[in-house]
Amino acid sequence: MKTIKKYINVSVFLITVALFAQNKQPNIIYIMSDDHAAQAIGAYGGELATLNPTPNIDKLASEGMLFKNAFCNNAICTPSRASIISGQYPQTNGVLDLDMALDTNKQYLPIELKKLGYSTAIIGKWHLKNEPVNFDYYKVLPSQGKYFNPTFLEKGKGEWPKNISKSTGHSSDVITDLAINYLEGVDKSKPFFLMHHYKAPHDMFEFAPRYEDYLKNTEIPEPASMYNQPYWGSEGTRGKNDSLINYIGTSISPRNTNANKHSNYSKYFFEDLEVDDKTKTHLAYQKYLKDYLRCVKGVDDNLGRLFDYLKKEGLWENTVIIYTGDQGMMLGQHDLIDKRWIYDEAMQMPFIVHYPKMIKERKTTDLLINNTDYAPTMIELAGGKTPKYMQGKSFIKTLKGKSENKWRTATYYRYWMHIIHHYVPAHFGLRTKDYKLVFYYGKHYLDEEEFEGHYWKKSYEGVNRETPHSWEFYDLKNDPKELHNRYNDPAYKTIIEELKVELKKQREELNETDKEYPQIQKIVDEHWND
């Protein structure tokens, strides 16, 4: 009898241990590079995939879930990061552009995870201006930070922003070293949450010297739209009768010399070379892409180091690993560079989730997600519930192989920084799985008398001027590269009307109207039915 009781007790104990292990909260490592476009990841396919730029990220995707339709709501660093950490759209979290700081009380993601028992840390690029006070530990780059020998602001080293800590080496190497050092010392008796943020491959693409010969003798595939796209765009992006093609949008080609000079990309443009413009464009593109991809290669190699460490330390199986970028990047498509635009190359975010206990290998999904959904999903992966104050939604059911209930059919986008930096006109729009509708309202949200004190007041010609107001519509099923604006095509009249209804609805539901900016609302009202 005693033997039976002993056997039963041992069995109950073993079952309890097994259930505990099964239900144990996972560690979460959220890895984000800066401006790493999905098109520059092999697992996403595309013209650059043949170069094999990201074998470690590709392997992560092959063992996890790849999201084909992940998008940001504002393709610029600070607003996108604010939406990620707050789970809110810009007018709710208060960060519309690069000039604004996220309030410390809206650093919601670490706040919520700490409630669930997690230790929290962020290492690398922060770019939300205020101190990341709600993390247990931080070691972050000040503003953009430096590629080489970066300085950091570190918790416990003094008062922000004087808490400086120096380092030696390339930022991608240093940030990976810091993350591994943190993981070696973190309290393993409770789950940890680490935001591991690279500076690369943000411009100006300063790669580690060991990558100097990478792709040296390789011809990078070039997008055809860099040279010819007669049906793309509208007056808002080209001007009437193409009158603004030398003004709007920093370019690979020599067409926009004004914007290109302001953007500090002069090393790419071969202006003094006595060759035709097509040759200059080709040379500029090859150098631009090779430098960018050399930075990408540095990120991928360092992730290989990080992944090896996690496997060696027995952390691989019970750690959710997310890989993403804060937005995409125009890499010559439409003869444009940088991000900011609503076109897919800039708006799309790579998003890969690896978690062996939940996700089967080689899964892909076309669920339409955006950066406000990331915090809710991580909170629910940690065992919590999405807070009501968050506007994003958890897609944990998708990760579990189930269907989501009442999911969005369109995602909202808005770029606010009219003309500043890369001469991109202000615009908003909507993307569904099959279509995209865009309105270029072309005006800065501040009145001109409020420009005083802003660094960009005199640096960028035309911030105070409106650019043409126009609509664009793309049929993504038949035109995935967005080459033909079909807004005035009668065949799409009904679809466009339906999208406008949805666009208006989302602007109201998401607190993204222009009730605080009547000068913009007037433009919207006047041109809604153009």
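The values are calculated or read from the model by the stated rules, or taken from the named source; none is laboratory data. The structure displayed is predicted, hence computed values, not measured ones. No Cβ is skipped: glycine too gets one built from the backbone with ideal geometry, and neighbour counts run over all protein chains shown. These area figures cover heavy atoms from the full protein model, side chains too; ligands, DNA and RNA do not enter into them. Shrake-Rupley method; radii C 1.70, N 1.55, O 1.52, S 1.80 Å.
All conditions in (1) open to solvent by less than 70 Å² (accessible area, probe 1.4 Å); (2) out of contact with any strand residue (DSSP E or B) (no Cβ under 6 Å at 6 or more places or on another chain); (3) not basic (Lys, Arg) hold for Phe428, with the sole exception of (2). Of all the listed residues (Glu472, Glu482), the sole one being of a type in the set (D, E, K, R), in contact with an Asp or Glu (Cβ under 9 Å, 6 or more places away or on another chain), open to solvent by less than 30 Å² (accessible area, probe 1.4 Å) and closer than 21 Å to Ser243 by Cβ is Glu472.
Scanning segment 63-86 for residues that are closer than 20 Å to Leu368 by Cα, open to solvent by less than 30 Å² (accessible area, probe 1.4 Å) and of a type outside the set (A, V, I, L, M) turns up Gly64, Phe67, Asn69, Phe71, Cys72, Asn73, Asn74, Pro79, Ser80, Arg81, Ser83, Ser86. For segment 146-202, the set of residues classified as under 17 Å from Ile29 (Cα atoms), open to solvent by less than 30 Å² (accessible area, probe 1.4 Å) and of a type in the set (Phe, Trp, Tyr) consists of Phe192, Phe193, Tyr198, listed by residue number.
Kindly establish whether Gly124 is of a type outside the set (S, T, N, Q), in contact with a strand residue (DSSP E or B) (Cβ under 9 Å, 6 or more places away or on another chain) and buried (at least 20 other Cβ atoms within 10 Å of the Cβ). Outline the logic, then answer.
On the way: of a type outside the set (S, T, N, Q): yes; in contact with a strand residue (DSSP E or B) (Cβ under 9 Å, 6 or more places away or on another chain): yes; buried (at least 20 other Cβ atoms within 10 Å of the Cβ): yes.
Yes.
At least 1 residues being farther than 23 Å from His36 by Cβ is the threshold, and among the helices (runs of 4 or more DSSP H) wholly inside segment 326-437 those reaching it are 374-381, 396-399. In segment 87-111, of all residues being in a helix (DSSP H, G or I) and touching a Leu at 6+ places or on another chain (Cβ under 7 Å), the one that is surrounded by the most Cβ atoms within 10 Å (Cβ to Cβ) corresponds to Pro90. If the condition is being modelled with pLDDT of 95 or more, within 30 Å of Lys24 (Cα to Cα) and open to solvent by 20 Å² or more (accessible area, probe 1.4 Å), then segment 335-362 contributes Pro356, Lys357, Met358. May I ask you to verify whether Ala410 is touching a Lys or Arg at 6+ places or on another chain (Cβ under 7 Å) and open to solvent by less than 10 Å² (accessible area, probe 1.4 Å)? Yes; evaluated as a whole, the condition is true for this residue.
Could you check segment 466-479 and list, in sequence order, the residues that are in contact (Cβ under 8 Å) with a residue 24 or more places away in the chain and not β-branched (Val, Ile, Thr)?
Filtering segment 466-479 for residues in contact (Cβ under 8 Å) with a residue 24 or more places away in the chain gives 466-477.
Across segment 466-479, the qualifying residues are Glu466, Pro468, His469, Ser470, Trp471, Glu472, Phe473, Tyr474, Asp475, Leu476, Lys477.
Could you list all residues from segment 329-385 that are among the charged types (D, E, K, R), within 15 Å of the chain's Cα centre (by Cα) and under 22 Å from Glu482 (Cβ atoms)? Outline the logic, then answer.
Step one: of segment 329-385, the residues among the charged types (D, E, K, R) are 335, 338-340, 344-345, 357, 360-363, 366, 373, 380, 385.
Checking which are within 15 Å of the chain's Cα centre (by Cα) leaves us with 338-340, 344-345, 373.
Of everything in segment 329-385, those that are among the charged types (D, E, K, R), within 15 Å of the chain's Cα centre (by Cα) and under 22 Å from Glu482 (Cβ atoms) turn out to be Asp338, Lys339, Arg340, Asp344, Glu345.
For segment 437-454, a tally of residues being more than 30 Å from Asp489 (Cβ to Cβ) and either buried (at least 24 other Cβ atoms within 10 Å of the Cβ) or in contact (Cβ under 8 Å) with a residue 12 or more places away in the chain (or both) returns 6. Here segment 285-334 is the region considered, the condition is being open to solvent by less than 10 Å² (accessible area, probe 1.4 Å) and among the hydroxyl-bearing types (Ser, Thr, Tyr), and the residue that is nearest to Lys59 (Cα to Cα) is Tyr323.
From the residues in segment 495-520 that are open to solvent by 50 Å² or more (accessible area, probe 1.4 Å) and not charged (D, E, K, R), which one is nearest to Glu448 (Cα to Cα)?
Our first condition is that a residue be open to solvent by 50 Å² or more (accessible area, probe 1.4 Å); within segment 495-520, this holds for 497-498, 501, 504-505, 508-509, 511, 515-516, 518.
Cutting the leftovers down to not charged (D, E, K, R) gives us 501, 511, 518.
Values: Val501: 32, Asn511: 24, Pro518: 14 Å.
Once the filter is applied, the top-ranked residue is Pro518.
Consider Tyr492 carefully, then state whether it is farther than 22 Å from Thr365 by Cβ, modelled with pLDDT of 95 or more and open to solvent by less than 20 Å² (accessible area, probe 1.4 Å).
Details: farther than 22 Å from Thr365 by Cβ: yes; modelled with pLDDT of 95 or more: yes; open to solvent by less than 20 Å² (accessible area, probe 1.4 Å): no.
No, not satisfied.
Scanning segment 233-252 for residues that are open to solvent by less than 20 Å² (accessible area, probe 1.4 Å) and assigned to a loop (DSSP other than H, G, I, E, B), we see that the one that is farthest from His334 (Cα to Cα) is Gly239. Criterion applied to Ser143, Ser83 was being over 24 Å from Asp187 (Cα atoms), within 18 Å of the chain's Cα centre (by Cα) and in a helix (DSSP H, G or I), and the one residue passing it is Ser83. Looking at the structure I just gave you, is Thr377 buried (at least 16 other Cβ atoms within 10 Å of the Cβ), farther than 17 Å from Cys72 by Cβ and in contact with a Ser or Thr (Cβ under 6 Å, 6 or more places away or on another chain)? No; evaluated as a whole, the condition is false for this residue.
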